[in-house]
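K.L.:
I'd like to ask you about the structure that follows.
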Amino acid sequence: MYNNILFDLDGTLLPMDMEAFTKLYFGSLCKRFCPIFNIEADALINAVWKGTSAMMKNDNSRTNKEVFWEVASKECNMDLTPYIEQFDDYYLSEFIAAKQATQTTPFAKKCVELVRDKLPEGGKLIAATNPIFPEVATMRRLNWAEVSPNYFDHITAYENSGFCKPNLEYYKMICDKCGIKPEESLMIGNDVDEDMVAAELGFDTYLVTDTMINRQNKDYSKYKHGTFEELFGYLAEVFR
């Protein structure tokens, strides 16, 4: 029995073609903001990538949000912070273009609802998605996955995080914020590097293999693993 369950989002609860997703995302982002900023698409894309890279290296001295906008502004040679509300509006509207690169699996909702109903009193259900997007964009992607954000006790986003995966400090941050212990928790994800690293802190882990990302072709046999359907069977057995 686990007291706490952590789910990754992109590629796990929300299966996706990451390359196609990125292309559609940047295409719609540039369509909206390049005319406003009067810059070329390549310049805006480069600024977003540089800001994302800075978030990945963040040391929690500031939020990921603060780091992103500082670096992206520098790359664009203009202060972008007055446009943050417009970016949030973008995620409510044009961001929908990127949904074409995602899929839904009925087992996402089934697994989350099963856990929500069966967790012991005081247990936490956490959406442990890499916090490089604003909360509004994360809520949208959860909705695309047909999983209600209201199911979760905590959702990581760039506003409330100062670390990113695969930094172990990201998982320590979640433990501190949510008052949970790794040895009482299960981290579920599809990325061998970013999600299974939680095992180093004492988390139990489950690697979803339907859309597995294994950049370095690592041996993952030491981790619990299987399809999303097999994960549902595992959780049903654990929480019966």
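K.L.:
Between Lys31 and Thr104, what length in nm is gained on full extension when 0.36 nm per residue of separation is reduced by their alpha carbon distance?
P.N.:
Working: separation 73, 0.36 × 73 = 26.28 nm, distance 2.65 nm.
Separation in residues times 0.36 nm, less the Cα-Cα distance, equals 23.6 nm.
K.L.:
Please build a GNM for the chain, connecting alpha carbons under 10 Å apart, and tell me which residue among Glu19, Glu146, Glu66 fluctuates the most.
P.N.:
Its mean-square fluctuation being the largest, the pick is Glu19.
K.L.:
May I ask you to derive the FRET efficiency for Asn143 and Ala20 from their Cβ-Cβ distance with R0 = 25 Å, giving the value to the nearest 0.05? Each step should come with its number before you reach the end.
P.N.:
Numbers: r = 19 Å, r/R0 = 0.77.
So, using R0 = 25 Å, E works out to roughly 0.80.
K.L.:
Taking the simple approach of a point 7 Å from Cα along Cα-to-Cβ for both Asp59 and Thr227, what is their distance in nm?
P.N.:
4.6
K.L.:
Which stretch or stretches of the range 33-62 have amide N atoms under 20 Å from the point lying 7 Å from Asn77's Cα along the Cα→Cβ direction?
P.N.:
33-51
K.L.:
Could I ask something else about it? Return the distance in nm (one decimal) between the two label points of a simple spin-label model at Ala41 and Glu121, each offset 7 Å from Cα along Cα→Cβ.
P.N.:
A separation of 5.7 nm, rounded to one decimal place.
K.L.:
At q = 0.11, 0.18 Å⁻¹, what is the base-10 log of I(q)/I(0) for the range 71-195 according to the Debye formula with one equal point scatterer per Cα and no solvent? Please give it to two decimals.
P.N.:
For the range 71-195, the Cα-only Debye profile gives -0.46, -1.13.
K.L.:
A further question follows. Once you've got the GNM for the chain with C-alpha springs shorter than 10 Å, pick whichever of Ser28, Ser61, Ser73 has the biggest mean-square fluctuation.
P.N.:
Sorting by GNM fluctuation, first place goes to Ser61.
K.L.:
Would you please put 193-201, 225-233 in order of how densely packed they are, using the mean number of other Cβ atoms within 10 angstrom per residue and starting with the highest?
P.N.:
Working: 193-201: 20.1, 225-233: 17.2.
Answer by packing, highest mean first, reads 193-201, 225-233.
K.L.:
Further question on the same structure: Note the angle between two axes, namely the Cα long axis of helix 168-178 and the longest principal axis of the Cα atoms of the chain, as a number of degrees from 0 to 90, rounded to the nearest 10.
P.N.:
70
K.L.:
Oh, and also: For the range 70-134 and the range 11-34, write down the distance between their C-alpha centroids in whole Å.
P.N.:
The two parts, judged by their Cα centres, are 12 Å apart.
K.L.:
Determine the share of the range 113-196's accessible area contributed by carbon and sulfur atoms, expressed in whole percent, with a 1.4 angstrom probe.
P.N.:
Working: 1250 of 3020 Å².
Heavy-atom surface of the range 113-196 belonging to carbon and sulfur, 1.4 Å probe: 41 percent.
K.L.:
Rounded to the nearest Å, what's the spacing between the alpha carbon centres of the range 152-168 and the range 170-240? Just the number, please.
P.N.:
Centre-to-centre distance over Cα atoms comes out at 16 Å.
K.L.:
What are the residues whose amide H is under 5 Å from the amide H of Phe133, where those residues sit 5 or more places off or on another chain and H is modelled from the backbone?
P.N.:
Tyr158
K.L.:
Right, another one. Would you kindly state how much longer the chain becomes between Val136 and Lys172 on full extension, computed as 0.36 nm times their sequence separation minus their alpha carbon distance, in nm to one decimal? Can you show the working numbers first?
P.N.:
On the way: separation 36, 0.36 × 36 = 12.96 nm, distance 2.38 nm.
This chain segment gains 10.6 nm when fully extended.
K.L.:
Which value at 222 nm does the chain reach when only helices count, each DSSP H run of 4 or more adding -39,500 (n - 2.57), with the total divided by all residues and rounded to the nearest 500 deg cm²/dmol? Write out the running numbers ahead of the final one.
P.N.:
Details: 8 runs with 103 residues, N = 240.
Rounded to the nearest 500, it is -13500 deg cm²/dmol.
K.L.:
Each label point is 7 Å from the Cα along the Cα-to-Cβ direction; what then is the distance between the points at Gln86 and Gln216, in nm?
P.N.:
Simple spin-label model gives 4.1 nm for this pair.
K.L.:
Give the angle, between 0 and 90 degrees and rounded to the nearest 10, that separates the Cα long axis of helix 228-238 from the longest principal axis of the Cα atoms of the chain.
P.N.:
40
K.L.:
Take the solvent-accessible surface of the protein heavy atoms, probe 1.4 Å, and return the percent of it on the range 47-101 that carbon and sulfur atoms account for.
P.N.:
Values: 1530 of 3010 Å².
With neighbouring chains kept in place, the figure for the range 47-101 is 51 percent.
K.L.:
Rolling a 1.4 Å sphere over the protein heavy atoms, what is the accessible area per residue of the range 5-138, to the nearest Å²? Let's see the in-between values first.
P.N.:
Details: 6470 Å² over 134 residues.
Here the per-residue accessible area is 48 Å².
The values are calculated or read from the model by the stated rules, or taken from the named source; none is laboratory data. Because the structure is a prediction, the values reported are computed rather than measured. Quick reminder, even Gly has a Cβ in these numbers, built from the backbone with ideal geometry, and neighbours come from all protein chains shown. When the accessible area is computed, the model is the full protein with side chains, heavy atoms only, and any ligands, DNA or RNA have been set aside. Shrake-Rupley method; radii C 1.70, N 1.55, O 1.52, S 1.80 Å.
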